[in-house]
Amino acid sequence: MAGKMWAGRFTKEVDERVNDFNSSISFDARMYRYDIEGSMAHATMLGECGIIEKHESEKIVQGLKGILADIDEGKLQFDPTAEDVHMFVEAELTKRLGDTGKRLHTARSRNDQVALDVRMILRAETKEIIELVKKLEHTILDIAEKNLTTVMPGYTHLQRAQPITFAHHLMAYANMLLRDISRLEDSYKRTNIMPLGSGALASTTYPINRQRVCDLLGFDEITQNSLDGVSDRDFCIELCSAISLLMMHLSRFSEEIILWCSWEFKFIELDDAYATGSSIMPQKKNPDVTELIRGKTGRVYGDLNTLLVMMKGLPLAYNKDMQEDKEAIFDAIDTVKLCLKTFDPMLATMRVIPENMRNAAAKGFINATDCADYLVKKGMPFRDAYKITGTLVHTCIEKGCTLETLPLEEYKKLTDNFDEDVYDAISLETCVMQRKAAGGPAPESVKAQIEYVRNKL
Ligand code: ARG
């Protein structure tokens, strides 16, 4: 771009390498809509406050509308040599309106302008992410509703631990995602604050009306300190942090799906449309989508780290380091959206295999706690009951049987408290049905959990 807007103080053209190095248009052009909407509000306010002539303010707004329409329709291309989207739009306006276009930047700096644009784009993106998470929640709830009585082993240390249902397991993720939504909504609150009017750092001598710009752009309130207004990127970091936790949840879920669709588990089968083959092994059906989500989670953590490290040593107020915020936060946003958009239909089309879950639950003595509880109900102290049950498990392992198939006389050898009804007490179905405390796996309890999440969405 020949002739910089700030050229007056300089005696030389900027070196081409510096120009390329400095330029952010390749990644901030995506904010054009917000840059233009922000400028329209600013120009309107300037006109209303008598800082520029009313008719000029109207001309600027019309000119900006034209630029927006032309970019939307592909009639106007971004100049890759422009310094950034802000300079590009202003230069284009001046090209179209002449001197009137040059009045737009009155009482404004790119420092407060970029802070505004980033807040506006993050507002929109946060809303989109929330909607995608809600969609995924609905998918999870639908699958849970169909699997209220699908018994499966619950694990600790990846060792079979106690019987639960598939619905119960899924609802753990539904609750994680509910917290993600709440975190996104929370970061939205601190994003939706209007910084324009902070100027370069020390506000302005013009009689501006910041509240008017705030109202025009639908922000909740204005920033309270001009230095903070231009140098705050907490909202980027908060959003990236909320996205990182969301990715962590998707990654843990993905890891389980990877396990579940292995031949070792075979609890589920992915739809062919959401799995991939091998170039050499004809039998392979790989869960690439979930592996990529697990991998991309690390990438989003990298974005969060970029933002945190970028900010930690910056003196007030604006520093050019902060231009680095965009690639990091946009990458996190694009990655999580991509993951959500692929994970949701993959989950919705996944086939659950209840027999295999039930078979896995039948092995591993996951009803041992219930066996001990049976003795406690007959009056025995828990520690004694625990020890006896441990001995029984040992006997089963030696005999190659399960607690369900171990003959009653073996039980009775250890204590007379055992009767025929022990078999009913340790049946997997009973074990699940009896765990009806709030939050537990009993179908009625999981139904309440589903209801709870549905009401929050
Ligand atoms: N492209 C810049 C950024 O993204 C805009 C602000 C430039 N401000 C400045 N004082 N050079 O941060």
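The values are calculated or read from the model by the stated rules, or taken from the named source; none is laboratory data. Since the structure is predicted, the reported quantities are computational estimates derived from the model, not experimental observations. Cβ atoms come from the backbone with ideal geometry, glycine included; neighbour counts cover every protein chain shown.
If residue 122 satisfies all but one of (1) among the hydrophobic types (A, V, I, L, M, F, W, C); (2) within 16 Å of the ligand (Cβ to nearest atom); (3) outside the structural domain of residue 200 (by TED's automatic domain parsing); (4) more than 30 Å from residue 17 (Cβ to Cβ), what's the number of the condition it fails? All conditions pass for residue 122, except number (3).
For the condition buried (at least 18 other Cβ atoms within 10 Å of the Cβ), away from the ligand (no atom under 16 Å from the Cβ), of a type outside the set (A, V, I, L, M, F, W, C) and without any contact (Cβ under 8 Å) to a residue 60 or more places away in the chain, what is the one hit in 391, 290? None of the others qualify; the one that does is 290.
Quick check on segment 337-360. Is at least one of its residues surrounded by 14 or more Cβ atoms within 10 Å (Cβ to Cβ), touching a Cys at 6+ places or on another chain (Cβ under 6 Å) and farther than 18 Å from residue 423 by Cα? Scanning segment 337-360, I find no residue that is surrounded by 14 or more Cβ atoms within 10 Å (Cβ to Cβ), touching a Cys at 6+ places or on another chain (Cβ under 6 Å) and farther than 18 Å from residue 423 by Cα, so the answer is no. Which numbered condition in (1) without any contact (Cβ under 8 Å) to a residue 24 or more places away in the chain; (2) over 14 Å from residue 242 (Cβ atoms) is the only one that residue 136 fails? Residue 136 satisfies every listed condition except (1).
Of 328, 317, all but one fail to be within 16 Å of the ligand (Cβ to nearest atom), within 17 Å of the chain's Cα centre (by Cα) and under 29 Å from residue 112 (Cβ atoms); the exception is 328. One residue is enough: does segment 181-197 have a residue meeting the conditions of a type in the set (Gly, Ala, Ser), over 26 Å from the mean Cα position of the chain (by Cα) and surrounded by 22 or more Cβ atoms within 10 Å (Cβ to Cβ)? Yes, some residue in segment 181-197 is of a type in the set (Gly, Ala, Ser), over 26 Å from the mean Cα position of the chain (by Cα) and surrounded by 22 or more Cβ atoms within 10 Å (Cβ to Cβ).
Within segment 99-123, residues that are under 12 Å from residue 196 (Cβ atoms) reach partners that are assigned to a helix (DSSP H, G or I) and more than 16 Å from the ligand (Cβ to nearest atom) with beta carbons closer than 8 Å, at six or more positions or on different chains, in the pairs 107/46; 119/191; 120/37. In the set 385, 348, only one residue is not assigned by TED's automatic domain parsing to the domain that holds residue 426 and not polar (S, T, N, Q); that residue is 348. Within the bounds of segment 416-425, is there any residue that is in contact with a strand residue (DSSP E or B) (Cβ under 9 Å, 6 or more places away or on another chain) and of a type in the set (D, E, K, R)? Among the residues of segment 416-425, not one is in contact with a strand residue (DSSP E or B) (Cβ under 9 Å, 6 or more places away or on another chain) and of a type in the set (D, E, K, R), which makes the answer no. In the set 100, 106, only one residue is buried (at least 18 other Cβ atoms within 10 Å of the Cβ), of a type outside the set (A, V, I, L, M) and more than 14 Å from the ligand (Cβ to nearest atom); that residue is 100. Run down 417, 359, 367 and say which single residue is free of Cβ contacts under 8 Å to residues at least 12 places away in the same chain and either assigned by TED's automatic domain parsing to the domain that holds residue 451 or under 37 Å from the mean Cα position of the chain (by Cα) (or both). Step by step, each of 417, 359, 367 is checked, and only 359 is free of Cβ contacts under 8 Å to residues at least 12 places away in the same chain and either assigned by TED's automatic domain parsing to the domain that holds residue 451 or under 37 Å from the mean Cα position of the chain (by Cα) (or both). Scanning segment 14-29 for residues that are over 25 Å from residue 68 (Cα atoms), outside any helix (DSSP H, G or I) and within 13 Å of the ligand (Cβ to nearest atom) yields a single hit, 14. In summary, residue 47 fulfils each of the numbered conditions (1) within 16 Å of the ligand (Cβ to nearest atom); (2) within 20 Å of residue 199 (Cα to Cα); (3) in contact with a helix residue (DSSP H, G or I) (Cβ under 6 Å, 6 or more places away or on another chain) with the single exception of condition (1). Quick check on segment 432-455. Is at least one of its residues more than 30 Å from residue 138 (Cα to Cα), out of contact with any Pro (no Cβ under 8 Å at 6 or more places or on another chain) and among the aliphatic types (A, V, I, L, M)? No, there is no match, as no residue in segment 432-455 is more than 30 Å from residue 138 (Cα to Cα), out of contact with any Pro (no Cβ under 8 Å at 6 or more places or on another chain) and among the aliphatic types (A, V, I, L, M).
Could you go through segment 171-178 and let me know if any residue there is more than 16 Å from the ligand (Cβ to nearest atom), farther than 30 Å from residue 24 by Cα, without any contact (Cβ under 8 Å) to a residue 12 or more places away in the chain and aliphatic (A, V, I, L, M). Yes: segment 171-178 contains one or more residues that are more than 16 Å from the ligand (Cβ to nearest atom), farther than 30 Å from residue 24 by Cα, without any contact (Cβ under 8 Å) to a residue 12 or more places away in the chain and aliphatic (A, V, I, L, M).
For segment 81-97, a residue qualifies if it is among the small types (Gly, Ala, Ser) and either away from the ligand (no atom under 16 Å from the Cβ) or part of a helix (DSSP H, G or I) (or both), and exactly one does: 91. Just one of the listed residues (60, 71, 67, 36) is away from the ligand (no atom under 16 Å from the Cβ), touching a helix residue (DSSP H, G or I) at 6+ places or on another chain (Cβ under 8 Å), part of a helix (DSSP H, G or I) and closer than 22 Å to residue 334 by Cβ, namely 71.
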